[in-house]
Amino acid sequence: MKIAIMGAMPEEITPILEIVGEYKTTQYANNTYYEASYKGCEVVIAHSKIGKVFSTLTATSMIEHFACTTLLFSGVAGGINPSLKIGDLIVATKLSQHDLDITAFGHPMGFVPGGSVFVETDKELISVAKDVAKELDKNFQEGVIATGDQFVHDTKIKEAIVKNFGADALEMEGASVAVVCDALHVPCFILRAISDTADTDASFSFDEFMESSAIISAAFVMKMVDKIIE
Ligand code: 4EZ
């Protein structure tokens, strides 16, 4: 087993690199990949850069080039479900691309022919997460995550995303990573800690809480790795 651990921004993987300690750095496809042996298990860590295109490239590279057999994503998200507070964790059961729009031809939002509105994540990894949550006494919510190439800071856009997808949280990479994993038959886990609530003040909340929330998510994901290799 070789585990890919990815984030989008440097802040999302720095805490992971700190836990892993020693690693080898490899340049590939305009990005830096950190390869390590963590407690005897091979791991490859990278931040993709923000958005669906860069995250697609990184997830694909980790699987096809670095031969990872499981993928865990750790990062932050904007909360939509009012029950999600800053620092709370959400695990995606399924994800969709909220900005994929050929509705002009009568298709639903998030759908293109040959694809599907939602992509599911791996159920076994979610059950591992439940065990970890018990041990850490740190709960998470399961829910729908909507992904798009925009930082949402507008209540109207949020409402549209709830209406179209019933989403609980939103971010900019999860769905594209899940699409890659689904296509390449690699178990996928998407975890996010809330940094803002995607409202007017989202950018300020994000700046204030992204680092602390990224640490919460990273710590949880590394406990998952411990459990997986146990
Ligand atoms: C994208 N990530 C934000 C990147 C922001 C600033 C330089 C997560 C996220 C997010 N995405 C947190 N809050 C969000 C929001 N309100 N809308 C979209 O994955 C880069």
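Where a number appears in this text, it was derived from the coordinates with a stated rule and is not lab data. Keep in mind that what you see is a predicted model, and the values were worked out from it rather than measured. Quick reminder, even Gly has a Cβ in these numbers, built from the backbone with ideal geometry, and neighbours come from all protein chains shown.
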Checklist entry - Taking neighbour counts of Cβ atoms within 10 Å as a proxy for exposure, in what order, fewest first, do 50, 13, 102 appear? => result 102, 50, 13
Checklist entry - To the nearest 500 deg cm²/dmol, what mean residue ellipticity at 222 nm is calculated for the chain from DSSP H runs of n ≥ 4 alone, each contributing -39,500 (n - 2.57), summed and divided by the residues? => result -12500 deg cm²/dmol
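What pairs in 123/223; 123/227; 94/138 have C-alpha atoms more than 19 Å from each other? Before the final figure, lay out the partial values.
On the way: 123/223 17 Å; 123/227 15 Å; 94/138 21 Å.
Flagged as over cut-off: 94/138.
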Checklist entry - Of 222, 9, how do they rank once you tally other Cβ atoms within 10 Å and put the fewest first? => result 9, 222
Next on the checklist: For the stretch 2-228, I need the span (max minus min coordinate) of the C-alpha atoms along each principal axis, in Å, sorted largest to smallest.
Outcome noted: 50, 37, 31
Checklist entry - So how strong a dipole does the chain carry about its Cα centre when Lys and Arg Cβ are +1 and Asp and Glu Cβ are -1, to the nearest 20 debye? => result 420
Checklist entry - How do 98, 107, 153 line up, fewest other C-beta atoms within 10 Å first? => result 107, 153, 98
Checklist entry - Where the centre of each part is set by its Cα atoms, how far does the stretch 66-140 sit from the stretch 180-230, in angstrom? => result 10
Checklist entry - How far is helix 174-183 tilted, in degrees, relative to the longest principal axis of the Cα atoms in the chain, given as a value from 0 to 90 rounded to the nearest 10? => result 70
